[in-house]
Amino acid sequence: NAGVTQTPKFQVLKTGQSMTLQCAQDMNHNSMYWYRQDPGMGLRLIYYSASEGTTDKGEVPNGYNVSRLNKREFSLRLESAAPSQTSVYFCASSKGGDRSYEQYFGPGTRLTVT
Amino acid sequence: GNSVTQMEGPVTLSEEAFLTINCTYTATGYPSLFWYVQYPGEGLQLLLKATKADDKGSNKGFEATYRKETTSFHLEKGSVQVSDSAVYFCAWDPGYALNFGKGTSLLVTP
C-alpha cells in the first residue's frame, strides 16, 4: 500500500516550457487535490476533484490545468511555466464528502522555473 | 471570509519544554478545525481535529481545544521531544478541501 505517490520528485524548467506532474493513490479515495507550498504562504489549493469525472478551481488556478484520468490518478499540467510557479507541489487524496478533511499527502514535487 | 491565523515562527524549544502554538479563526459559524504536521522532507499528516465548539482533539501527546469564546484552537504539548521538530499547520474545512494557515516551524534541541 503506497498511499499517494507523485512523480517526479524534482524538476527544473526553463520559462515557457511545459510539463505534467503525476499523482496516483491506491486507497480507493474519491477526492483528490493539488496544493502548492511557498515560504511564508502555507499551502494553497490549486485545483481539486471531488469525485471521478469532476474538477474545480481552488484559490490559485491560473497557469495550471488538471485531469482526473480515473479514480486513481490526478495530473497537474503547466502549459507555459513561469518563475512565479517555482514551488513545492503536493498532491493529496481523501474519501471525500464529510471526510474531506482527512487528507493523505504525497511526498511533493520540488519545481524550479528559471 | 473565513480564515485561520497562526503565530509566526520559528519556535525553538529545549527537549521536555512545554509547547503552545497559537491559532485563531475568523469564521461564520463554527467550522471544523484541524492541526496538520509536516516532518522534514515529507507531505502533511493529520495530527488532530475538533469538529465542534468545546471539542478537544488529541494525538501523540498533543492537544487542542476548540474555544468559541476566544475563537481559538491552540496546539499544546506538555513535554516536547526532538522528534517533534516539524512545521505545524492549523486548518479549517470549507466543505470541499482544506484551508491552511501559514504554518509554524518548531525546532526542538536536545
ask   = Out of (1) surrounded by fewer than 17 Cβ atoms within 10 Å (Cβ to Cβ); (2) in contact (Cβ under 8 Å) with a residue 24 or more places away in the chain, the odd one out for A:Phe74 is which?
value = (1)
task = Would you point out the residue of region B:62-93, among those that are in contact (Cβ under 8 Å) with a residue 40 or more places away in the chain and charged (D, E, K, R), that is farthest from B:Thr26 (Cα to Cα)?
result = B:Asp84
key: Failed item, numbered, when A:Gly53 is tested on (1) closer than 21 Å to B:Phe89 by Cα; (2) out of contact with any Asp or Glu (no Cβ under 9 Å at 6 or more places or on another chain); (3) at pLDDT below 95; (4) surrounded by fewer than 19 Cβ atoms within 10 Å (Cβ to Cβ)   = (1)
request  = For residues that are touching a Phe, Trp or Tyr at 6+ places or on another chain (Cβ under 7 Å), more than 7 Å from every other protein chain (Cβ to nearest Cβ) and not in a strand (DSSP E or B), scanning just region B:38-57, find the one that is surrounded by the most Cβ atoms within 10 Å (Cβ to Cβ).
outcome  = B:Asp55
Matching residues, region B:67-84, being in a loop (DSSP other than H, G, I, E, B) and either closer than 17 Å to B:Glu8 by Cβ or among the hydrophobic types (A, V, I, L, M, F, W, C) (or both) = B:Phe73, B:His74, B:Val80
query = Any idea how many residues of region B:94-110 are facing chain A (nearest Cβ under 8 Å) and either in contact (Cβ under 8 Å) with a residue 24 or more places away in the chain or assigned to a strand (DSSP E or B) (or both)?
reply = 6
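Test of understanding: among B:Tyr25, B:Tyr30, which residue is within 26 Å of A:Tyr48 (Cβ to Cβ), assigned to a strand (DSSP E or B) and among the hydroxyl-bearing types (Ser, Thr, Tyr)?
Details: B:Tyr30 fails: assigned to a strand (DSSP E or B).
Being within 26 Å of A:Tyr48 (Cβ to Cβ), assigned to a strand (DSSP E or B) and among the hydroxyl-bearing types (Ser, Thr, Tyr) holds for just one of B:Tyr25, B:Tyr30, which is B:Tyr25.
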request  = Being within 10 Å of the chain's Cα centre (by Cα), at pLDDT 95 or above and either more than 14 Å from chain A (Cβ to nearest Cβ) or in a strand (DSSP E or B) (or both) narrows it down to one of B:Ala91, B:Ala64, so name that one.
outcome  = B:Ala64
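The values are calculated or read from the model by the stated rules, or taken from the named source; none is laboratory data. No experiment lies behind these values; they were computed from the predicted model shown. When we count neighbours, we look across all protein chains shown, and the Cβ atoms used for this are built from the backbone with ideal geometry, even at glycine.
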